[in-house]
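The values are calculated or read from the model by the stated rules, or taken from the named source; none is laboratory data. Here the structure is a predicted model, which means the values were calculated and not measured. Reconstructed Cβ throughout: ideal geometry from the backbone, glycine too, with neighbour counts over all protein chains shown. Remember, those area values only see protein heavy atoms, side chains included, never the ligands or the DNA or RNA. Shrake-Rupley method; radii C 1.70, N 1.55, O 1.52, S 1.80 Å.
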Amino acid sequence: MSRVGIVWKARGAARIGPPSRLRVMGAMMDRLTDLRDELMRDDAFRKSYEARTRLVEYGHRVRHVREMRQLTRAQLAAQLNMTESGITRLENGEGVDGPTAGMRQALAQVLGTPDLNDTP
């Protein structure tokens, strides 16, 4: 992280201070993007990354539909005989293999959305 100061105003007085957090975060994101792009050249990494992306996207679909149905995580968990933290992990795309085919079917049935059965 660069310690080069920038001019900023605080209470009407110009001062020299550290780079803004947004600028620092932007630079960090650029480095992370470059690292990801480099790692994506490896077939095994790319396949794993794409699989993880599908799990996260599936979790986002589940959360979106749950919220549209005005269900809490606790309510959905009770209908599926799961814990609330299990629903949270599912919605965040966590886990090694994602939900089983049976769990995907149960989710689609409880949420009344057949298109959730798309394989994560």
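Out of the range 107-119, which residues are surrounded by fewer than 17 Cβ atoms within 10 Å (Cβ to Cβ) and either among the charged types (D, E, K, R) or not in a loop (DSSP other than H, G, I, E, B) (or both)? Working first, answer last.
From the range 107-119, those surrounded by fewer than 17 Cβ atoms within 10 Å (Cβ to Cβ) are 109, 112, 114-115, 117-119; that's our starting set.
Passing the criteria: Q109, P114, D115, N117, D118.
Restricting to the range 61-74, name every residue that is open to solvent by 60 Å² or more (accessible area, probe 1.4 Å) and in a loop (DSSP other than H, G, I, E, B). It would help to see each step written out before you state the result.
First, the residues of the range 61-74 that are open to solvent by 60 Å² or more (accessible area, probe 1.4 Å): 61, 63-64, 67-70, 72-73.
Passing the criteria: R69, Q70, T72.
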- line: Of those in the range 75-91 that are in contact with a Leu (Cβ under 9 Å, 6 or more places away or on another chain) and under 16 Å from L55 (Cα atoms), the residue surrounded by the fewest Cβ atoms within 10 Å (Cβ to Cβ) is G86
- prompt: Out of curiosity, is R104 in contact with a helix residue (DSSP H, G or I) (Cβ under 8 Å, 6 or more places away or on another chain), basic (K, R), at pLDDT 95 or above and assigned to a helix (DSSP H, G or I)?
  reply: no
- prompt: Of the residues A51, A27, which single one is farther than 30 Å from V110 by Cα and part of a helix (DSSP H, G or I)?
  reply: A27
